[in-house]
Amino acid sequence: MNILHVVTYFAPCFSAGGVVNAAYEIAKTQVENGHDVCVYTTDSCQERIKLENNYNEDIDGIKVFYFRNISNSVKTKLTIDMPISLIRYLKKTINNFDIIHLHEHRHSLAIATHRYAKKNNIPYVLQAHGSVLPFFQKEKMKEIFDKVWGFDILHDASKVFALTEVEKEQYLKMGIKQEDIEIVPLGINLEDYTDFPEKGKFKSRLNIDENDKLILFLGRIHEIKGLDLLIKSFNQISNDNIKLAIVGGDYGFKGEVEKLINEFDLNEKVIFPGVLTGSNKIEALIDCDIFVMPSRYESFTTSGLEAMACSKPLILTKNNHIHTWVKDSVGLVCEFDTDDLSNCIEKLLNNEKLSEEFEKTGRKLIEEKYNWNKVSKQIESIYENCII
């Protein structure tokens, strides 16, 4: 198949969040399975991406076209994409593709994709990545977008992908027919989690005592991730031999987190290693005792899957859509509440047997269900049904 992915950010801008990682992994696996895969994206990241070859790159066999946003600062601050040349190029090349995979739908790339796909009878699938309903930040703008473009973009898709049953219900609320919704989870590359680095490297590099317990957050430092709740809860834990590592890039919220750290005098206990990828990220996961994602809203936690692959127990808030299968199976689930989160952390720290049970179950689930090889086969089967 000739496949086109349309996404606002793409590799190497992995710091932009889970959508980038998902789009990259799906496209890469499709190339490995023998398909011809292109990605149309923008050159935006926290700093504008600078590439050779006139913004036409080969990344792991994926043909990636990075179209220039008129203003990277406008994109970063207001999340408004303006890649004018992409729209013209899409119009000219859209008939080259058998199927289009659209990632999220409230952006100008989606408007253009919808317009030219419909005009040329090219089927497309839409993966909202947790952004189906217009809530959390800029709700009014999202509602206006939906009235003008969003509803049509959703309803004209051949299929829409829901990450979980919760997201499926959100599509139904937006009027999508049940038969047009496919539940397609995210995954990880299992082969990256078979030959693990020696334990202790991450702690040693950051001067953490090998006997200290380590709590790990891995994701964007953004208000939606609930790091203020995590700091407040961490402050209540009565254990001097414990550290918290907040791994990820700053998306406008690190200053607020640092204020709380100073207020509670936690500077010696909380560490910001920055963005970690590859073996450095796996070393952090191997050395942690608990992975925590205290989100205000979260459709899926890819970093949680990575922790499960490293045999680590999870703690999530109920605001995470995957909490339904995480709870008491691979980890603990709490309310978005300071006391409840701190109680869950202390429960796992003090119950080694429970942690070990979660660790074994988590690793098994990754092997059986949440890996990109299995997910990609499902996606390709859906593509084929859309093309027929």
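Among K50/K142; K28/K281; K119/K159; K173/K225; K327/K374, which pairs are too far apart, with a Cα-Cα distance over 28 Å?
Exceeds cut-off: K50/K142.
How do W325, W372 line up, fewest other C-beta atoms within 10 Å first?
W325, W372
Calculate for the chain the 222 nm mean residue ellipticity that helices alone would give, adding -39,500 (n - 2.57) per DSSP H run of length 4 or more and normalising by residue count, nearest 500 deg cm²/dmol.
Per the formula, -11500 deg cm²/dmol.
Using mean Cβ contacts within 10 Å as the protection proxy, how do 359-366, 141-148 order, highest first?
359-366, 141-148
For a paramagnetic label modelled at 7 Å from the Cα of D98 toward its Cβ, which residues of the stretch 344-384 fall within the zone defined by backbone nitrogen distances under 17 Å?
The answer is 376-384.
Quick one: 3J(HN,Hα) in Hz for the stretch 32-46, Karplus 6.51/-1.76/1.60 with θ = phi - 60°, rounded, Gly and Pro as x.
Values, residue by residue: 4, 8, x, 8, 8, 10, 10, 10, 9, 8, 10, 8, 7, 7, 4 Hz.
Sort S299, S233, S238 by Cβ crowding within 10 Å, fewest neighbours at the top.
Ranked by crowding around the Cβ, least crowded first: S238, S299, S233.
With contacts defined as alpha carbon pairs under 8 Å and 6 or more residues apart, what's the relative contact order of the stretch 191-368 in percent?
About 23 percent, as a whole number.
Using θ = phi - 60° and the Karplus curve 6.51 cos²θ - 1.76 cosθ + 1.60, what whole-Hz ³J(HN,Hα) does each residue of the stretch 145-151 get, with Gly and Pro shown as x?
Taking θ as phi minus 60°, the curve returns 4, 5, 5, 7, 10, x, 4 Hz for the stretch 145-151.
Could you work out how far the C-alpha centroid of the stretch 236-262 sits from that of the stretch 1-67, in angstrom?
32
Hey, got the dipole for the chain? About the Cα centre, +1 on K and R Cβ, -1 on D and E Cβ, debye to the nearest 20?
1420
How do Y66, Y251, Y89, Y171 line up, fewest other C-beta atoms within 10 Å first?
Y89, Y251, Y171, Y66
Can you give the relative contact order of the chain as a percent, counting alpha carbon pairs under 8 Å and 6+ residues apart?
Relative CO of the chain lands at 14 percent.
Say we join alpha carbon atoms closer than 10 Å with springs in a Gaussian network model of the chain; which of G248, G17, G34 then has the biggest fluctuation?
Greatest mean-square fluctuation among the candidates belongs to G34.
Antiparallel versus total DSSP beta bridges in the chain: what percent is that, nearest 5?
So the antiparallel bridges amount to about 10 percent of the total.
Treating only the Cβ of Lys, Arg, Asp and Glu as charged (+1, +1, -1, -1), what charge dipole size does the stretch 177-271 show about its Cα centre? Round to the nearest 20 debye.
About 240 debye.
Taking the convex hull of the Cα atoms, report for the chain its projected area averaged over all directions, in nm².
Taking the Cα atoms of the chain, their convex hull projects to 18.5 nm² on average.
Every read-out reported here was derived from the displayed coordinates using simple, explicitly stated rules and does not represent laboratory data. As the structure is a computational prediction, the values presented were derived from the model and not from experiment. Methodologically, a virtual Cβ is constructed for each residue, glycine included, from the backbone with ideal geometry; neighbour enumeration extends over all protein chains shown.
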